[in-house]
Structures are given as structure tokens and as C-alpha cells.
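Only one structure is covered here, and it is reproduced in the block below.
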Amino acid sequence: MEARAYLKYARISPRKVSIVLDLIRGKDTDLAMAILKHTPKAACEDLQKLLKSAMANAENNHNMDVSRLYVAECFVSPGPILKRIRPRAQGRAFRILKRTSHVTLVLKEKE
């Protein structure tokens, strides 16, 4: 039995999100929440909400015991890229890529 939660179109680069996901992969939900709370990264705020959502899904939709949950899987994939133009000297234009992320979090119950 597993509970999933998705965060789609998050306006943060997948590279930045994956750094934080590596910290919580395989950890208990309580420990993962503490790690997210005390890590000074931009992705932590969104991932905290996502973890809470996955825990609520586990409790309400799958009747799982919240105290025995752990982060079984977590991964990020790139979403659509917003392309913007930055004016530069002598009439040139440089492209700015504003990247987005799709994050998936899977919780399972310990045996």
C-alpha cells in the first residue's frame, strides 16, 4: 500500500529541488519534515506542503498509520520551460529560461 502526492508546475528548477529530495529519501515522515523545516533552501517550503499532503492522503484515502510512514520514493522531472528575453547591449537579446518542475512523493508504511 502506498500514498502518492504530486506537485506540478512548481516555479523552481528541477536541479534545485533534487538536492533537497536527496536529503529526505528513505527517511521517516517526522524526520523528513524536520529536515525540510531546518534546511535553508527555496524548495523546502513547497516540499513541506507536498509531504503534508501525502501524509493526509495516506491517512484519509488509504487508512494507513501515520506514525509508521516513510518516504519510499521521491523524484523530480522537468516541466515546461518559460522562455523570456533579456535586452543586452547593441540591440542584442539574450534568452532566459525559467524552468518548472513536477515533483512526485510516495509514502509507504513500515512493516
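Below is a table of values for the structure above.
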{"quantity": "Filter result (surrounded by fewer than 14 Cβ atoms within 10 Å (Cβ to Cβ), of a type in the set (D, E, K, R) and within 24 Å of N60 (Cβ to Cβ)) within segment 1-24", "calculated": "K8"}
{"quantity": "Qualifying residue in segment 69-92 (condition: closer than 15 Å to E109 by Cα, within 19 Å of the chain's Cα centre (by Cα) and part of a helix (DSSP H, G or I))", "calculated": "no"}
{"quantity": "Pairs, first more than 27 Å from D65 (Cα to Cα) and aliphatic (A, V, I, L, M) in segment 1-28, second at pLDDT 95 or above and in a strand (DSSP E or B), C-beta under 8 Å, six or more apart", "calculated": "A10/S101; A10/H102; A10/V103; I12/S101; V17/A10; V17/V76; V17/S101; V17/V103"}
{"quantity": "Search result, residues across segment 1-22 that are out of contact with any Leu (no Cβ under 8 Å at 6 or more places or on another chain) and in a helix (DSSP H, G or I)", "calculated": "P14, R15, K16, S18, I19, D22"}
{"quantity": "From the options K8, K98, K49, K110, residue that is modelled with pLDDT of 95 or more and more than 16 Å from the chain's Cα centre (by Cα)", "calculated": "K98"}
{"quantity": "Residue, nearest to S13 (Cα to Cα), within segment 71-101, restricted to residues that are in contact with a Leu (Cβ under 7 Å, 6 or more places away or on another chain) and crowded, with 17+ Cβ neighbours inside 10 Å", "calculated": "V76"}
{"quantity": "Condition met for L23 (more than 12 Å from E2 (Cα to Cα), among the aliphatic types (A, V, I, L, M) and under 20 Å from the mean Cα position of the chain (by Cα))", "calculated": "yes"}
{"quantity": "Subset of segment 73-107 (residues that are in contact (Cβ under 8 Å) with a residue 40 or more places away in the chain and more than 18 Å from Y6 (Cβ to Cβ))", "calculated": "K98"}
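The values are calculated or read from the model by the stated rules, or taken from the named source; none is laboratory data. None of the values given here were measured: they were computed from a predicted structure. FYI the Cβ positions are ideal-geometry reconstructions off the backbone, even for glycines, and counts take in every protein chain you see.
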